[in-house]
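Asks: Take a look at this one; I'll ask things after.
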Amino acid sequence: MNREQYAEMLRTISEVHKAGDDIHKCITEYREKYKYVYIYNDSIFKMLFGNPNNMRMTASFLNAILKLDGGDCIDNLTFVNPAVDGAFVKTTTSDIVAENKRLERIVLEVQHVEDETYSDRLVFYTAKHTIASKPRGDSYWLRDLNLISLQMFNGFPNSKNYRHSIRLKNQDNEEFFKKQTVTLVEIPKFLKGDYASDESLLAQWLRVIDGLNNETPVAVPEESMLALLQKKAELSIFTEEFLVSEAMAMSDRQYEMYVEKKHARKEGLEEGRAEGRAEGRAEGRAEGRAEGLTEGATAKARDMAKKMLQKNKPIEEIIEFTELSEAEVLSIKASLT
């Protein structure tokens, strides 16, 4: 299923749960309607690629992203923040944090929202994980760090490349520090661009994931890691406890803002139309929030942000669904400690 369909399913599950109706029947109907989950949802992605039981699949995906082959390939991983079966709880800022046998850290993020702090956040995450993986002692020696951002927007719109490897360099393009690498993968650019001839392993992974998100699985070799993902991504595998937990983290208001925004864009509506609605739905970002939200709606958004923070939901997800600024969400988070 795609992102909107996944959000609609969670909203329905939430309504059924609140009404005390038959949750099992509701989820069964969705399992009959859709075969696969939406891969890039934060919780789903963590359960698939942050699960120790799927370590070999994750290693293959990382090798594809980082273009590792031969003796450089990752063949074994230890998850610093492993996913667990049942209800999803996010325990760290980053979606997936793992280390290879040399204790070099690999961080995998899914970025849905582009804002003015996007680059800042990536640099912050890089610094955070560099410090977290540093050996104890007074030595300044650091371990290698690879931070990967799978993003639903283009960070380099003027570049024909959809994968970007970023390191510290001087004015002559000479590398100054090789132990920190940020890899950006622009998923929309790949899916909408002219990359039919790209047969790289990364391209194969992205096509397989897109096929699952659109309920049109592509043919893959049997017993391959790509085939394993197709099996692991089946909706029937995810427990009712997990789906209910996810559903209860999405309020009616969150769903309305999310779908309203998508439909408005598809139909070519101006942002101001949604901003002016009596319900106070926000169509703009922080700069338009004051005009688009009533005081009551703002209070509801803050209340929802508080509830999502208490459930350890990702900051990016809270910003997207409440339309609050990052500063406001962080302020609410600070008030809870």
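The values are calculated or read from the model by the stated rules, or taken from the named source; none is laboratory data. Just so it is clear, the structure is predicted and the values come from calculations on it, not from any experiment. Glycine gets a Cβ as well: all are built from the backbone with ideal geometry, and neighbour counts include every protein chain shown.
Asks: What number of residues within segment 221-241 are part of a loop (DSSP other than H, G, I, E, B) and either under 18 Å from the mean Cα position of the chain (by Cα) or at pLDDT below 85 (or both)?
Replies: Final tally of qualifying residues: 2.
Asks: Of the conditions (1) under 17 Å from PHE177 (Cβ atoms); (2) hydroxyl-bearing (Ser, Thr, Tyr); (3) modelled with pLDDT under 90, THR117 fails just one. Which one is it?
Replies: (1)
Asks: Only one of VAL244, VAL218 is assigned to a loop (DSSP other than H, G, I, E, B) and either under 19 Å from the mean Cα position of the chain (by Cα) or modelled with pLDDT of 50 or more (or both); which?
Replies: Criteria check complete, one pass: VAL218.
Asks: Which helices (runs of 4 or more DSSP H) does segment 1-100 wholly contain that include 1 or more residues that are over 20 Å from HIS129 (Cα atoms), under 16 Å from the mean Cα position of the chain (by Cα) and modelled with pLDDT under 95?
Replies: 3-19, 42-49
Asks: Could you please let me know if THR78 is among the hydroxyl-bearing types (Ser, Thr, Tyr) and closer than 27 Å to SER224 by Cβ?
Replies: So THR78 passes the test.
Asks: Of ARG163, ARG136, ARG105, ARG167, which residue is outside the structural domain of MET308 (by TED's automatic domain parsing), farther than 25 Å from TYR40 by Cα and in contact (Cβ under 8 Å) with a residue 12 or more places away in the chain?
Replies: Step by step, each of ARG163, ARG136, ARG105, ARG167 is checked, and only ARG167 is outside the structural domain of MET308 (by TED's automatic domain parsing), farther than 25 Å from TYR40 by Cα and in contact (Cβ under 8 Å) with a residue 12 or more places away in the chain.
Asks: Residues that are in a strand (DSSP E or B), assigned by TED's automatic domain parsing to the domain that holds PHE153 and of a type outside the set (Ser, Thr, Tyr): does segment 187-204 have at least one?
Replies: No, segment 187-204 has no match at all.
Asks: Can you name every residue in segment 173-213 that is under 21 Å from the mean Cα position of the chain (by Cα) and surrounded by fewer than 13 Cβ atoms within 10 Å (Cβ to Cβ)?
Replies: Hits for segment 173-213 are PRO188, LYS192.
Asks: Here is a follow-up. Of all the residues that make up segment 2-59, how many are closer than 19 Å to MET248 by Cβ and either touching a strand residue (DSSP E or B) at 6+ places or on another chain (Cβ under 7 Å) or among the hydroxyl-bearing types (Ser, Thr, Tyr) (or both)?
Replies: 9
Asks: Something else now. Mind counting the residues in segment 132-149 that are on the phi > 0 side of the Ramachandran plot and at pLDDT 95 or above?
Replies: 0
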